[in-house]
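The values are calculated or read from the model by the stated rules, or taken from the named source; none is laboratory data. Fair warning: this is a prediction, and the values are worked out from it, not measured in the lab. Neighbour counts are summed over all protein chains in view; Cβ atoms, including those assigned to glycine, are modelled from backbone coordinates with ideal geometry. Note: accessible area is taken over every heavy atom of the protein model, side chains too, but ligands, DNA and RNA are not part of it. Shrake-Rupley method; radii C 1.70, N 1.55, O 1.52, S 1.80 Å.
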Amino acid sequence: MSPADAPADPPAADPVDAFVDELADALHEDPVQVDPMFGNGRTEDVDAALTDVVAGVDFPAYVVLAPGPDGLAANDPGRDLAGRLHERIGGDGVYLVQTDPASFGLTIVSHGDVPDAFLVSQISVEVWQGGGADAALSPGGSVARALEILDSGGGMSEEEFGSYAEQTIYRDPPEWDLDYEVPTQGTYAMGTALAFLAVGGCAYLLLRTLARWRETAPAGARGRPGRPGRPGQRGRSAATPSTPLPGPAQVRETAEAELASLARLLDRTADRRVEPDRRQLVDGSYDTARSLLERTGTDDADLDDLLGALVLVRIATAAAGSRSRSKRGGEPRAPYRPCFFDPRHGEGTQRRAVPVGGTELTVPACRACGRATDAALEPMGVRSGLLGRERPWYELDTVWARTGYGAFVDDLWQHVAADLRETR
């Protein structure tokens, strides 16, 4: 056979088609797919609420609130994705799609013997004549209201229309003021100015606005080379160009080893007199870290929880050991805080400002991340979401994103313990 007669190589698979195929398969199993970026800080609750709404309507409905792949139509990616999904799924159905929580609104497309999507825009104009009908709603709220409008044939009173924005699960969080800085070493209490960062609404804001920062940061979301630093390595970068970052199994091994060392330290100092607040921080962090390790595996998706356990161990070790007091007197030192961009880099001994929305967020950083250019920063990636894609840890709907692994709160263990109780 001559080279001219040889069969041509098959064309490379279209990444958009592969994404749509996987998403269509997921919708066959569950017609409601909500990515954490659209979860309003309560993804599981939003998903459950929308699942109930979809189950109650008299027509097939498919909900997709998730980032779309590159390659969709730039002028209307939601409509493009809805059309591609209908080609795979077929039959009658209403598709409610939103691919960007900030830039693009909800797209509704009707196929076959189902209510006309025009009913939603029609009643929105009639009831909310001044415009801005969706201004106070999260994407999930817009979906729930649209489905109810379609199911009722367009009959919805002004009071019912406005009631969705009054429900916490569907209400868009307010735009909080983020003009603050993480305190310097020696400042133990962070004050009430940061307390709001622990609430679910602000978690949603951080997920959304930090995703905007990612667009100007590196395209990759894998960690920088390095090895986990230890609490005593102040001022030393944990990142080196030759050593790969540890995976989940290695992080677990490190966390278990440091937990055992902490247990021995607490045994040796059991008779030492310790202030009640510091004792509570040590004991609470130790117990919560142990609980996390007991219920966490070593899959890629477990990396954020394993690192959280390691951070809690180091917080307790720092509070229990010699670093609990500064050299300038008796004031407490700031608690251990890891590098914001990747907790595997070790302690965040420096501060770095990153753009968040229209302002800047100052976060702890290791020496390497503190000095790196914006293009060189690579935040830690964790696999999650509909298709198990790797994304920066702070884009996920987790207690770690809400607390910044302790960057935004002094009592990390309390937030983690509460989250464990809720998910148990």
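List the residue pairs whose Cβ atoms are under 8 Å apart, where the first residue sits in the range 59-85 and is more than 21 Å from Glu29 (Cβ to Cβ) and modelled with pLDDT of 90 or more, the second is open to solvent by 40 Å² or more (accessible area, probe 1.4 Å) and among the polar types (S, T, N, Q), and the two are 6 or more positions apart or on different chains.
Between residues of the range 59-85 that are more than 21 Å from Glu29 (Cβ to Cβ) and modelled with pLDDT of 90 or more and residues that are open to solvent by 40 Å² or more (accessible area, probe 1.4 Å) and among the polar types (S, T, N, Q), there is no close pair.
Evaluate the following for Asp58: is it in contact with a Gly (Cβ under 6 Å, 6 or more places away or on another chain) and charged (D, E, K, R)?
no
Might you let me know whether the range 139-150 holds any residue that is β-branched (Val, Ile, Thr), modelled with pLDDT under 80 and either open to solvent by 30 Å² or more (accessible area, probe 1.4 Å) or over 30 Å from the mean Cα position of the chain (by Cα) (or both)?
no
Can you pull out the residues in the range 29-84 that are assigned to a loop (DSSP other than H, G, I, E, B), among the charged types (D, E, K, R) and surrounded by fewer than 24 Cβ atoms within 10 Å (Cβ to Cβ)?
Those that are assigned to a loop (DSSP other than H, G, I, E, B), among the charged types (D, E, K, R) and surrounded by fewer than 24 Cβ atoms within 10 Å (Cβ to Cβ): Asp30, Arg42, Asp58, Asp70, Asp76.
Return yes when Val16 is closer than 24 Å to Gly105 by Cα, modelled with pLDDT of 80 or more, among the β-branched types (Val, Ile, Thr) and in contact with a helix residue (DSSP H, G or I) (Cβ under 6 Å, 6 or more places away or on another chain) and no when it is not.
Answer is no for this residue.
What number of residues within the range 86-106 satisfy the criterion of being at pLDDT 90 or above and either at negative phi or open to solvent by less than 30 Å² (accessible area, probe 1.4 Å) (or both)? Step through it out loud before you land on a result.
Our first condition is that a residue be at pLDDT 90 or above; within the range 86-106, this holds for 86-98.
Narrowing the set further to residues that are either at negative phi or open to solvent by less than 30 Å² (accessible area, probe 1.4 Å) (or both) leaves 86-90, 92-98.
Selection size over the range 86-106: 12.
Mind checking which pairs have a first residue in the range 333-353 that is free of Cβ contacts under 8 Å to residues at least 40 places away in the same chain and a second that is part of a helix (DSSP H, G or I), Cβ under 8 Å, 6 or more apart or different chains?
Gln350/Arg367; Gln350/Cys369; Gln350/Gly370; Gln350/Arg371; Arg352/Cys369; Arg352/Gly370
Please enumerate the residues belonging to the range 227-274 that are in contact with a Ser or Thr (Cβ under 9 Å, 6 or more places away or on another chain), modelled with pLDDT of 80 or more and more than 25 Å from Asp304 (Cβ to Cβ).
Matches in the range 227-274: Leu265 only.
Tell me the strands (runs of 3 or more DSSP E) entirely within the range 294-397 that contain at least 1 residues that are crowded, with 17+ Cβ neighbours inside 10 Å, among the small types (Gly, Ala, Ser) and at pLDDT 85 or above.
359-365, 381-384
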